[in-house]
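The structure appears right after this line, and notes come after that.
Every read-out reported here was derived from the displayed coordinates using simple, explicitly stated rules and does not represent laboratory data. Just so we're clear, the structure is a prediction, and the values are computed from it rather than from any experiment. Here the Cβ positions follow ideal geometry from the backbone for every residue, glycine too, while neighbour counts run over all protein chains shown.
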Amino acid sequence: MSPAADLVRQSAAVLAEAIAAGEVSSREVTQAHLERIVDVDDRVHAFLHVDAQGALEAADAVDRARAAGDALGPLAGVPIAVKDVLATRGMPTTCGSRILEGWQPPYDATVVERLRGAGIVILGKTNMDEFAMGSSTEHSAYGPTHNPWDLTRIPGGSGGGSAAAVASFESPLAIGTDTGGSIRQPAAVTGTVGVKPTYGGVSRYGLVALASSLDQAGPCTRTVMDAALLHSVIGGHDPRDSTSIPEPMPDVVAAAQRADVRGMRIGLVRELSGEGYQAGVLQRFTEAVAILEDLGAEVVEVSCPHFDYALGAYYLILPSECSSNLARFDGMRYGLRAGDNGDRSVEEVMSLTREAGFGAEVKRRIMLGTYALSSGYYDAYYGQAQKVRTLIQRDFAAAFDQVDVLISPTAPTTAFRLGEKVDDPLAMYLNDVATIPVNLAGNCALSLPVGLAPEDGLPVGLQVMAPALADDRLYLVGAALEGALRDRWGHLLIEEAPAL
Amino acid sequence: MTDPIPFDQALQAFEPVIGLEVHVELGTNTKMFCGCPTGFGAEPNTQTCPVCLGLPGSLPVANAQAIESIIRIGLALNCDIAEWCRMSRKNYFYPDMPKDYQVSQYDEPICVDGHLDITVPTDDGPVEVRIDIERVHMEEDTGKLTHAGGDTGRIHGADYSLVDYNRAGIPLVEIVTKPVVGTGRLAPAVARAYVAELRDIMRALGVSDVKMEEGSLRCDANVSLNRPGDPWGTRSETKNVNSLRSVERAVRAEIERQAGVLDGGERVVQETRHFHEDTGVTTPGRSKEHAEDYRYFPEPDLVPIAPSREWVEELRATLPERPSVRRARLAAEWGIGDFEMATLVNAGVLDLVEATVAAGVAPDAARKWWSGEFTRVANERDVDPADLPVTPADIGRVEELIASGALNDKLARQVFEGVLAGEGTPDEVVAARGLAVVSDDSALLAAIDAALAEQPDVAEKIRSGKVQAAGAIVGAVMKATRGQADAGKVRALLLERLGVSDA
């Protein structure tokens, strides 16, 4: 296998097999991706930090292990890009914020530790909306990421860097985090695959928290099988995360291999369609539903009436938790310290540091959350939002009594233009209207590309939602639909992306 | 500023209401939410990790031992144990708090509605008082700030401040009383007796070393005054109360101060005050007029705590005897009074005496050795009596030797001197130092004859029936044998020699 140009267009599964078979070295694969980054990332800006030396050393270690006859993991030697919200020892971790500029964690997140343990080669850290707050990656303190399908458009957010890195063939794999859709919505608008695992299915240890009860790390890939392989590496119980589920994970790789929806009952969520959804998005979604029926699934419509309140509840719970989670960035121990001229009090230095270090969206949410948790307002806001959350969980439970999985468009529109919504927080928040309910319920979901919207030629994503701990169902449906679409098109949708 | 009013006078005009918040650092091996060690006195910031430093991304995992300890404390204080409760975050910015929030408990404490019956010593004898416990909850300790430069010792005005996060994350238990009313002039003594009883309970449970001087037991005293028949007054919260004596003094000082304020027609300010051990007065700290909004909410990084009823009952079944009950029982068993018991408790030798009695030594002898000789040596060496190199078995052996006549009291002291000096077991010391009662009758008779010859007038008195005069001769013999004789035996031989009987 070679030349380098071909290497970067392979799936992680294919690369891993080739490396294991000795057809190509991990160093060659890694080098090819590093070169691709050099070629295109000045335009895409998916990466905040590239660790070429560390990546090549990790690749060499895999090559040596293979030469020594050691058993290799299923993705050993394959490169990956990691969202800059996960702690990486010896590499900066900025969360897209000035306040953490230059900070190098003294420890690895559990996800990162598992990647390294599996011989997966970390290329670097990807761009994101500051502290994962946003749907366009425009709220990064280090400049936006551009959508590889159209560089004037957003790659989604908050994990736009991870999605763009995969979509631009800079990396076959990436790790994202999903608090309200930050893996799935970028996947949808970049024509890639993104999975939000069951809450507690992947350790949050080392994931710099936005909203602790919603955050979950997961795979960003170009194929459903690659997502399953990566999911199985990073998933599973971690005693360092109290909210990590002790039960064993379902076999997601086997499910992706089976790729079978025959006899499955699939629910269309009435509330996640219609008004506010772009015509071309609905058209491609409807076509995909027909394919699922052709493949042998029974598709029915279900109603989840409280989903209409999900966005409102989410924008109380998330800011509340984030106002507390982000308190520690006070300039006392690490990261930015502003205004410490020797005369100022500790309160003044903390205040000046936060004023200088946080961007507008972060400040907006900290203020919202501080207000929502305030004495006298708690019951009306945070308390009420938790009740809505319970109702949404019940909607899901009732729906899953009738069907095996639910589906909807992942995002209401295709990628919008950079700058189009950055000054309109409400319009920005509405991008996540279809993805948020899953986070509030703690369930799992997968987004995969189902075609290009006729009106703008941009990718459309379909979201599959399954109950907690039934992540395997995502892969059964996702892989079956992906296979049928590939048969129809003769290739993956991402192959249609313009050359950069 | 109004002057304080003397205590007795203050109590004529006002009734005090007190409330006590006691923080106990648990003696777990590791911190509340991470695996860092908890030992006192390590180099600053050496007992830390990403979790207790609150580094971005780190997550807490609750210490099972700490949860067990707090449930045992709750049970010992007759509390109800929650079937389900959560930790909460208490949000405020302060540099001793790595996360700028403290993981604590708010509206779902793990233990509620308990009580503790205490005995308060008074001039008119002991008085029983029931202290109602509002709640017992767990939280993590903060780091420790040291302020350098400036003359306030506080963060404001300091040139710079140093933070030691070794203490951050050590499990703390907060025990809050309900308002204690109607104790009148006993209020300071009640406060002291309550804290002392709590300390004893913690020690008996083995959950904390409860050393007030090292801060492992800290007390905040709330005091308010009202005129009889009036509603309760505004309270102050006095911190920095770091000894039992200070608890009593601080409550007393606040009563005197507030009485002066109220008598002068002013109003008491709701505030935090600091107690000064040296001067015995309190001074104002942070004003609580504008109550800080801590924005409590359930800690989403931790799962709820739901102790099963079976587990709670298991823990209840293994609770140790209450210290006050145990003291009363032991006092009865040993036939001693309150004063003697208090002496043992204050000397910190009660456990040692009990162990010594259990080793077969008579209670009187066990008490005599521990509260006399050993307490003195421990004080000289500035160590805990329990850390002296002498065991209950050693005392048992020496008492055996005394009973058999091989040692007398004076020699026994010399044996212990050797044991405490590390010279070995009592038998080894006896052998090495050649300490044995002179029991050779001929040697004793020779000494008796010599003493009689020296004091013929005394000899005559004894012969004439004044047996009590024998002491002078016995004393001379003991002196001549350098104490290595059995005084009883000397006396018997002497009387036999002179042909008189012990009437």
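Shown here for the stretch A:77-146: trypsin sites (Lys or Arg not before Pro) in loop regions (DSSP other than H, G, I, E, B) with at most 12 other Cβ atoms within 10 Å, of which there are none. Relative to one another, the C-alpha centroids of the stretch B:340-384 and the stretch A:436-469 are positioned 75 Å apart. Couplings 3J(HN,Hα) of the stretch A:476-491, computed from phi: 4, 6, x, 5, 5, 5, 4, x, 5, 5, 5, 4, 5, 8, x, 6 Hz, in residue order, whole Hz [Karplus 6.51 cos²θ - 1.76 cosθ + 1.60, θ = phi - 60°; x for Gly and Pro]. When +1 charges are put on Lys and Arg Cβ atoms and -1 charges on Asp and Glu Cβ atoms, the dipole computed for chain B relative to its Cα centre reaches about 440 debye.
Normalised by residue count, the protein assembly as shown yields a Cα convex hull volume of 227 Å³ per residue. Mean per-residue shielding of peptide A:318-328 is 5, counting Cβ atoms of other chains within 10 Å of each Cβ.
Dipole magnitude for the stretch A:415-500: computed about the Cα centre from +1 point charges on Lys and Arg Cβ and -1 point charges on Asp and Glu Cβ, it is near 180 debye. This ranking places B:34, B:52 by how few other beta-carbon atoms lie within 10 Å of each, fewest first, which gives B:34, B:52. Taking the charge dipole of chain B about its Cα centre, with +1 at Lys and Arg Cβ atoms and -1 at Asp and Glu Cβ atoms, the residue from B:101, B:131, B:250 reaching farthest to the positive side is B:250.
Applying a DSSP loop filter and a limit of 14 other Cβ atoms within 10 Å to the GluC sites (Glu not before Pro) in the stretch B:312-416 leaves B:321.
Less than 5 angstrom separates the built amide H of residue B:241 from those of B:219, all sequence-distant by 5 or more or on a different chain. Among A:10, A:189, B:265, which residue has its Cα positioned farthest towards the positive end of the charge dipole of the protein assembly as shown, with +1 placed on the Cβ of Lys and Arg, -1 on the Cβ of Asp and Glu, and the dipole taken about the Cα centre? Toward the positive end, the furthest listed residue is B:265.
Report the Cα centroid-to-centroid distance between the stretch B:27-85 and the stretch A:306-322 in angstrom, as an integer. Answer, in whole Å: 32.
With just the Cα atoms defining each centre, how far is the stretch A:165-241 from the stretch A:249-279? Give it in Å. When both Cα centres are located, 18 Å separates them.
Residue order for B:36, B:49, A:220, fewest other beta carbons within 10 angstrom first, comes to B:49, B:36, A:220. Given the pairs A:125/A:196; A:363/A:421; A:363/B:239; B:211/B:368; A:125/A:363; A:363/B:99, which are separated by over 29 angstrom at their Cα positions? Those over the limit are A:363/B:239. Along the stretch B:393-401 the Karplus relation, 6.51 cos²θ - 1.76 cosθ + 1.60 evaluated at θ = phi - 60°, assigns HN-Hα couplings of 5, 4, 5, x, 5, 5, 5, 4, 5 Hz to successive residues, with x for each Gly and Pro. With R₀ fixed at 25 Å, the C-beta to C-beta distance from residue A:377 to residue B:144 puts the FRET efficiency at about 0.15. For the stretch B:350-489, the share of alpha carbon pairs falling in successive 10 Å distance bins from zero is 12, 34, 27, 18, 9, 0 percent. The alpha carbon radius of gyration of the stretch B:441-498, expressed as a multiple of 2.2 N^0.38 Å, is 0.97.
Annotation for the stretch A:205-277: trypsin sites (Lys or Arg not before Pro) lying in DSSP loop with at most 16 further Cβ atoms inside 10 Å of their Cβ are A:262, A:270. Shape index of chain A: Rg/Rh, with Rg the Cα radius of gyration and Rh the Kirkwood radius from the inverse mean 1/r over Cα pairs, equals 0.96.
Candidates A:283, B:190, B:155 compared by Cα position along the dipole of the protein assembly as shown: farthest toward the positive end lies B:190, with charges placed on Cβ.
Here the Karplus curve 6.51 cos²θ - 1.76 cosθ + 1.60, taken at θ = phi - 60°, turns the phi angles of the stretch A:62-69 into couplings of 5, 4, 5, 4, 5, 4, 7, x Hz, with x standing for Gly and Pro. Global size of chain B: 30.2, 97 Å for Rg and Dmax (C-alpha atoms, Rg to one decimal, Dmax whole).
The charge dipole of the stretch B:94-213, taken about its Cα centre with unit charges on the Cβ atoms of Lys, Arg (+1), Asp and Glu (-1) only, comes to about 180 debye. Cross-link reach is defined here as a Cα-Cα straight distance under 22 Å, omitting same-chain residues fewer than 8 places apart; for residue B:461 the lysines meeting it are B:479, B:489.
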